[in-house]
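**Q** Structure provided below as structure tokens; questions to follow.
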Amino acid sequence: MAPGTTASNIKAAVRRCAAELGFDLCGFTTADVLERAPLFLRWLAEGYQGGMAYLARNAQRRIDPQAVLPGAKSAIALAVSYADESRRDSAFDASERGRPTLESRESGVTGLVARYARFEDYHAVIGTRLEVLIDFVNKLGGAGTESIGYVDSGPVLERDLAWRAGLGFVGKHTNLIGRMLGNWFFIAEIITTIEVEPDTPEPNRCGRCRRCIDACPTGAIVAPFKLDARRCISYLTIELRGSIPTDLRPLIGDKIFGCDVCLEACPWNRFAKCGGLMSRHRWCRDGRLDLIKVLCLDESEFRACFGNTPIARAKLAGLKRNACVALGNTGDARSLPALEKLIMDSNDVVSEHARWAVERIRQRM
Ligand code: B12
Ligand code: SF4
Ligand code: SF4
């Protein structure tokens, strides 16, 4: 440890630095194997991860921070709020005024983007601050200290680690809820060889509530704390490559990237506090994209619009596929020319979803 530092003033110094960097919560835990590891392993064995094979490939590392960083003694869990529905950065708006956007309503049909994806890529925004905090921790720890950090980018069961570090409790929808932040926050963590006193985990505070379970359009929360990712709209619109099962398409409604229905249902959001770190990207500041414009994007336009946003993960074909589903559910005759053109698309998945959408719209006409 650096001269003059003790385990307790390390915690205070790290918390202070984290707050200065814009993190909304900071907690500490040990680097021991996660208590809920058996639940995670059972979930994998039951196949609920669908096509996310990477979760099973490094399962052992996900449940054991010491497998990620040999010699690790502690983990620092961090939260970054994205609860700022009403916030508008005036400087940002002024500089963007008059530039093209995908949120205008020319076609009259728009698709909904999950809240977390209305901001610039959180991996980059939070990752940069995380690097600064890692340097700070390593200096505090002195020679030989090693630390590694992730934000949704490494083999760590982030919600369980953050729960154990006292950041909040896991709700029945499986997300971590903060008493000061509600549902709307990202999690990041640093695993380190420094030893500090762990914070106390919170008990579950859902009580008898089951609003999230009842609100889910696809019945993906198959039991409290258990999500069947294969039915989850977030999985279907972001992670799934290939065709969306036809029985689930009508249940997706107008969502084209991610889903917030279970999060929005949660009464703990009344405590959600706005954070200062995340800034919105200009392509869908109100959370909606013009679906016809999405269908017409080419690769370079897609990269220019969404390259530095979470939406990049769906890739152009995925976003077009999702737009077809949303149009099949909500579109009208005005959507037909663009969809009919897309039936000829060289991508089989896009073409098949466009055909499905055309048939659905025609049935409604
Ligand atoms: C894979 C993944 C997904 C998958 C699967 C989601 C899931 N529930 O597992 C899909 C694509 C569906 C998804 C969707 C979303 N995701 Co996601 N996802 C991940 C990822 C990469 C891994 C999660 C994982 O390992 N799941 C495996 C399952 C088994 O874990 P689990 O559900 O947490 O199960 C545990 C608990 O439920 C608990 N448990 C089980 N039984 C019981 C019983 C009791 C009594 C208690 C208390 C607990 C408990 O133990 C289980 C085992 O550990 C993490 C990042 C990471 N590296 O951790 C982000 C992460 C979980 N996702 C995140 C976000 C924001 C989302 C979305 C909100 C995005 C959106 N708007 O579309 C949705 C939310 C959907 C939902 N209801 O969960 C955030 C969550 C932040 C938070 N505050 O919780 C994370 C942490 C990314 C980040 N760094 O910020 N995601
Ligand atoms: S994100 Fe949407 S589909 Fe997934 S569990 Fe929540 S409400 Fe259901
Ligand atoms: S909606 Fe109710 S049951 Fe679901 S996570 Fe929130 S408090 Fe828990």
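**Q** Based solely on its DSSP helices, what 222 nm [θ] is calculated for the chain when runs of n ≥ 4 H residues each add -39,500 (n - 2.57) and the sum is averaged over all residues, nearest 500 deg cm²/dmol?
**A** It lands at -10500 deg cm²/dmol.
**Q** Tell me the relative contact order for the chain as a rounded percent, counting alpha carbon contacts under 8 Å between residues six or more apart.
**A** Relative CO of the chain lands at 23 percent.
**Q** How large a share of the accessible area of the range 216-365, in percent, is made up of carbon and sulfur atoms when the probe is 1.4 Å and the other protein chains stay in place?
**A** 54 percent
**Q** Please state the charge dipole magnitude for the chain, taken about the Cα centre, from unit charges on C-beta atoms (+1 on K and R, -1 on D and E), reported in debye and rounded to the nearest 20.
**A** Using only the charged Cβ atoms, the result is roughly 780 debye.
**Q** Separate question: Starting with the highest mean, order 44-53, 141-150 by the number of other Cβ atoms within 10 Å, averaged over the residues of each peptide.
**A** Packing order, densest peptide first, comes out as 141-150, 44-53.
**Q** Whole number in Å², please: accessible area per residue of the chain, 1.4 Å probe, ligands, DNA and RNA not counted.
**A** Accessible area per residue, the chain: 44 Å².
**Q** Any idea what the dipole of the range 227-365 comes to, in debye rounded to 20, about its Cα centre with Lys/Arg Cβ at +1 and Asp/Glu Cβ at -1?
**A** For this selection, approximately 320 debye.
**Q** Run through the DSSP bridge list for the chain and note the antiparallel percent, rounded to the nearest 5.
**A** Looking only at bridges with both residues in the chain, the antiparallel portion is about 95 percent.
**Q** Roughly how many nanometres apart are two label points built 7 Å out from the Cα toward the Cβ at E301 and R355?
**A** According to this spin-label approximation, the distance is 2.5 nm.
**Q** Here is a follow-up. Taking the convex hull of the Cα atoms, report for the chain its projected area averaged over all directions, in nm².
**A** 19.1 nm²
**Q** Going by alpha carbons, how many degrees (0 to 90, nearest 10) lie between the helix axis of 348-364 and the longest principal axis of the chain?
**A** Its long axis makes an angle of about 60 degrees.
**Q** In addition: Tell me the relative contact order for the range 227-365 as a rounded percent, counting alpha carbon contacts under 8 Å between residues six or more apart.
**A** Reported as a whole number, the value is 28 percent.
**Q** Work out the FRET efficiency for A19 and A45 from their Cβ-Cβ distance, taking R0 = 56 Å, and round it to the nearest 0.05.
**A** Working from the Cβ atoms, E equals 0.90.
**Q** I would also like to ask the following. Could you work out how much longer the chain between S8 and D152 gets when fully extended? Use 0.36 nm per residue separation minus the Cα distance between them, nm to one decimal.
**A** 49.0 nm
**Q** Okay, next question. How far, in degrees from 0 to 90, does helix 315-330 lean away from the longest principal axis of the Cα atoms of the chain, to the nearest 10?
**A** Taking Cα atoms only, the helix is inclined about 60 degrees.
**Q** Once R0 is set to 35 Å, what does the formula 1/(1 + (r/R0)^6) return for the Cβ-Cβ distance between R210 and D286, expressed as a FRET efficiency to the nearest 0.05?
**A** Once rounded, the FRET efficiency stands at 0.70.
The values are calculated or read from the model by the stated rules, or taken from the named source; none is laboratory data. These numbers were taken from a predicted model, which means no experiment stands behind them. Glycine also receives a Cβ, built like all others from the backbone with ideal geometry; neighbour counts cover every protein chain displayed. Note: areas computed on protein heavy atoms with side chains; ligands, DNA, RNA excluded. Shrake-Rupley method; radii C 1.70, N 1.55, O 1.52, S 1.80 Å.
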